[in-house]
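Please treat every number below as a calculation from the coordinates, not as lab data. These figures come from a predicted structure and were not determined experimentally. All Cβ positions, glycine included, derive from the backbone under ideal geometry; neighbour counts span all protein chains shown.
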Amino acid sequence: MLIGDKVCLGPVLQGDAPLMFSWTNNFDLVRSNGPYRPTDEAKFNDWFAGVGRDPGRVVFAMRKQGDLRLLGYVQIVNIQAASRIAEIGVLVGNPLDQNQGYGQEAMRMAVDFSWRSLNLQRLSLWVIGDNPRAVHVYGKAGFQVEGVMLRAAYVDGRYQDVTVMGVLRSGD
């Protein structure tokens with residue numbers, strides 16, 4: 001388990017499934033990451049069962065320090081060992097838990113994990129639409145805006161720009 005000041009990152013537990021399933025079907029949460037499509041229980045269960053089996057993905061449950069309540073999760077996906085690159089993202093599920101610094105700390109911890117434990121040299125992510133809060137959180141974790149892809153995502157009935165951000169491991 002990775003322990004920070006506000007959160008700890010650890011394994012996803014079977015008991016986390018109902019809450020995570022509800023997040024995957026929350027329109028407001030999902031549309032910040034792409035087009036909304038309701039996920040049925042069978043598809044979610046397939047994804048959930050494969051969380052620990054896919055060598056190209058690491059998923060951390062983000063828990064509140066002290067009471068260990070599930071706040072969200074961090075995913076490191078599309079891990080390409082030969083190139084030492086991957087994509088990363090964070091989700092804080094409950095709106096009442098957002099803007100508390102949980103996602104920011106979790107992202108910094110996951111980036112450090114990517115350097116130290118996965119031996120990656122580059123992480124990237126996409127921010128869909130106008131989302132200055134996400135750009136700010138990722139910036140605090142060292143990510144820089146690398147460019148904007150115009151009208152690259154169709155979400156909620158309209159085309160939106162996608163901001164590409166990345167961070168490089170220092171010394172590589």
*Conditions (1) in a loop (DSSP other than H, G, I, E, B); (2) of a type in the set (Gly, Ala, Ser); (3) more than 24 Å from residue 86 (Cα to Cα); number of the one not met by residue 42*: (1)
*What is the residue count in the stretch 1-35 for residues that are of a type in the set (S, T, N, Q) and assigned to a loop (DSSP other than H, G, I, E, B)?*
4
*Of all the residues that make up the stretch 66-102, how many are surrounded by fewer than 16 Cβ atoms within 10 Å (Cβ to Cβ), over 24 Å from residue 132 (Cα atoms) and in contact with an Asp or Glu (Cβ under 7 Å, 6 or more places away or on another chain)?*
1
*Give the stretch 53-65 a look and list any residue that's over 21 Å from residue 97 (Cβ atoms) and surrounded by 12 or more Cβ atoms within 10 Å (Cβ to Cβ), or say none.*
54, 57, 58
*Output for the stretch 1-23, where each listed residue is loosely packed, with under 14 Cβ neighbours inside 10 Å and touching a helix residue (DSSP H, G or I) at 6+ places or on another chain (Cβ under 7 Å)*: 5
*Residue ranges of strands (runs of 3 or more DSSP E) in the stretch 53-172 with at least 2 members farther than 22 Å from residue 2 by Cβ*: 122-128, 144-155, 158-168
